Amino acid sequence: MYESVREVIGLIVNDVLETTRRNLDAIKPQSAEDIRHAGQATVKFSEEMAVHIGVLRQFLHTRMYRHTSVNQVCAKARQIVLDLFNFYIKQPNCLPPSWSEVVKACENEAAKARTIADYIAGMTDRFAVQEHRKVFSTETMI
């Protein structure tokens, strides 16, 4: 499996390098301005590879990105973020002190929401899951 993936990546990289070399040979740029006015992308895939990549994208979207197990994980992640956001909006004093002070100083609800969103956006996935467990699990009440 890993060797197949490595081979596909190698083919894609080699294609973009070769296509770019051909484009540069055709354009013969002397400056960045020549590239800007070339009328086409200089760095790109060949037409054949672009077709193959389209097929690969369709396959990945159908079989991987939209797979049931991936959808379930994404739904859980969305719920964790939503739960934490709603909790911190209602209970800003439960934020770490430095964040809580910033939220209290916000002049309006939009600024408060933006600050809380920024706090959550800075969390790693693992930390967000741990925070969600701490906040919503009845096992951690004691």
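Tabulated data
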read-out	value
Segment 102-119 residues that are without any contact (Cβ under 8 Å) to a residue 24 or more places away in the chain and part of a helix (DSSP H, G or I), paired with ones that are basic (Lys, Arg) and surrounded by 13 or more Cβ atoms within 10 Å (Cβ to Cβ) (beta carbon under 7 Å, 6 or more apart)	Val103/Lys112
Residue within segment 81-98 that is over 30 Å from Ile9 (Cα atoms) and under 17 Å from the mean Cα position of the chain (by Cα) present	yes
Contacts under 9 angstrom Cβ, first residue in segment 13-29 being in a helix (DSSP H, G or I), partner at pLDDT below 95 and of a type in the set (D, E, K, R), 6 or more apart	Ile27/Asp34
From Phe85, Phe45, Phe59, residue being farther than 30 Å from Ile116 by Cβ, assigned to a helix (DSSP H, G or I) and of a type in the set (Phe, Trp, Tyr)	Phe59
In segment 93-119, the residues that are of a type outside the set (Ser, Thr, Tyr) and crowded, with 17+ Cβ neighbours inside 10 Å	Leu95, Trp99, Val102, Val103, Lys112, Ile116
Per-region count, segment 30-41, residues polar (S, T, N, Q) and open to solvent by 60 Å² or more (accessible area, probe 1.4 Å)	2
Condition met for Gln79 (closer than 30 Å to His132 by Cβ and either touching a residue at least 60 places away in the same chain (Cβ under 8 Å) or assigned to a helix (DSSP H, G or I) (or both))	yes
Matching residues in segment 1-28 - criterion: being more than 26 Å from the chain's Cα centre (by Cα) and open to solvent by less than 40 Å² (accessible area, probe 1.4 Å)	Thr19, Thr20, Asn23
Segment 42-85, residues that are open to solvent by less than 70 Å² (accessible area, probe 1.4 Å) and farther than 30 Å from Glu18 by Cα	Ser69, Val70, Cys74, Ala75, Ala77, Ile80, Asp83, Leu84, Phe85
Scope segment 2-17; condition modelled with pLDDT of 95 or more and touching a helix residue (DSSP H, G or I) at 6+ places or on another chain (Cβ under 9 Å); matching residues	Leu11, Ile12, Asp15, Val16
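The values are calculated or read from the model by the stated rules, or taken from the named source; none is laboratory data. Note that the coordinates shown come from a computational prediction; the quantities given were computed from them, not determined experimentally. Don't worry about glycine lacking a Cβ; one is built from the backbone with ideal geometry, like all the others, and counts go over all protein chains shown. The area values use the complete protein model at the heavy-atom level, side chains included, leaving out ligands, DNA and RNA. Shrake-Rupley method; radii C 1.70, N 1.55, O 1.52, S 1.80 Å.
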